[in-house]
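Worksheet: the structure to be examined is printed underneath.
The values are calculated or read from the model by the stated rules, or taken from the named source; none is laboratory data. Just so you know, these numbers come straight off a predicted model, no measurement behind them. Positions of Cβ are generated from backbone atoms using ideal geometry, with glycine treated the same way; all protein chains shown enter the neighbour counts. Please note that ligands, DNA and RNA were not included when accessible areas were found on the heavy atoms of the full protein model with its side chains. Shrake-Rupley method; radii C 1.70, N 1.55, O 1.52, S 1.80 Å.
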Amino acid sequence: MEIFNNFIDKNGLVVGFLVIGIIAFLSEVFSKKVLRGYLPGSAIAILAGLILAYFGGVFTGGEKGLADIVVFKGVGTFGGSMFRDFTIVATAMGASYLTMKKAGWLGLVSLLFGIVFFFVFGVALALIWGVRDAASLCTIGAGSCTYIVGPVTGAALGASSDIIALSIAIGVLKAILVTILTPLLAKRVGLTNPAAAMAFGGLMGTNSGVSAGLAATDPALVPYGAVTATFYTGLGCLLCPSLFYLMLGWVL
């Protein structure tokens, strides 16, 4: 066991690749043999990863899910922000500038509509829960945009730690739902071309959810959705703690 633990300690990233590869392989087999291709294998793999992360966190009482278990600690590195950002940049290199230019206005309109819609939705939920001060309302509204915009807004406005945590939770829930539902509803809503993917990224905004959902739908659409989703995060960090906060102060 000591030799095994030393091997895992020195080769955690390799083990992480192995674990993810096995999950992806079994998910593809399950998709083709059991579900007859109705649900993409990548979507099943994402769902399986979320379930394993939950039980890993419950089992260890930790905060990093499956990575809290020593044997699987390399999964944490493999699924960390460095590889995520590298993947987004790498996929964005495959986007066609001419195609993005054609969908320019569509992407801009979807960005503005998506940010305003989810911000208002989050503020409405916060009001139902009894939150009344502008900083807390704005932070929760920003969290419903993405789990990155929420804490950035909360830190800028001086919101309490529990409100910031709540905004992150709302954003994470949104990312999970977008990840799982995108491949299921893609054909029904016409999410089959680059222009639609850009509009989808602008409307949903959650970069991780959009990228994972589009990867499960059609990997060729990922760079287009990731482009507008990335702008969504930046625009949300700009608007939520400034213009939207001032507007909430005027209303309240």
- Answer yes or no: is there a residue in the range 30-43 that is of a type in the set (D, E, K, R) and surrounded by fewer than 11 Cβ atoms within 10 Å (Cβ to Cβ). yes
- Query: Can you tell me which residues in the range 217-228 are surrounded by 24 or more Cβ atoms within 10 Å (Cβ to Cβ) and either basic (Lys, Arg) or under 25 Å from Ala24 (Cα atoms) (or both)?
  - Reply: Thr217, Leu221, Val222, Pro223, Tyr224, Gly225, Ala226
- Residues (open to solvent by less than 80 Å² (accessible area, probe 1.4 Å) and modelled with pLDDT under 90) located in the range 109-132: Ser110, Leu111, Gly130, Val131
- What is the residue count in the range 215-252 for residues that are aliphatic (A, V, I, L, M) and under 18 Å from Val178 (Cβ atoms)? 8
- Working carefully through the options Thr182, Thr153, find the one that is among the polar types (S, T, N, Q), over 15 Å from Gly122 (Cα atoms) and at pLDDT 85 or above. Thr182
- Can you spot a residue in the range 180-202 that is open to solvent by 30 Å² or more (accessible area, probe 1.4 Å), within 18 Å of Cys145 (Cβ to Cβ) and touching a residue at least 60 places away in the same chain (Cβ under 8 Å)? yes
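Residue-by-condition table, conditions (1) outside any loop (DSSP other than H, G, I, E, B); (2) of a type outside the set (Lys, Arg):
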| residue | (1), (2) |
| --- | --- |
| Ile163 | yes, yes |
| Val172 | yes, yes |
| Leu177 | yes, yes |
| Leu184 | yes, yes |
| Lys187 | no, no |
| Leu191 | no, yes |
| Leu203 | yes, yes |
| Gly213 | yes, yes |
| Leu221 | yes, yes |
- Item | Cross-chain or 6+ apart pairs with Cβ under 6 Å, the range 1-13 first and free of Cβ contacts under 8 Å to residues at least 24 places away in the same chain, then surrounded by 12 or more Cβ atoms within 10 Å (Cβ to Cβ) and assigned to a helix (DSSP H, G or I) | none
- Query: Pick from the range 35-68 the residues that are hydrophobic (A, V, I, L, M, F, W, C) and part of a loop (DSSP other than H, G, I, E, B): which of them is modelled with the lowest pLDDT?
  - Reply: Leu39
- Which numbered condition Phe231 misses (of (1) open to solvent by 60 Å² or more (accessible area, probe 1.4 Å); (2) at pLDDT 85 or above): (2)
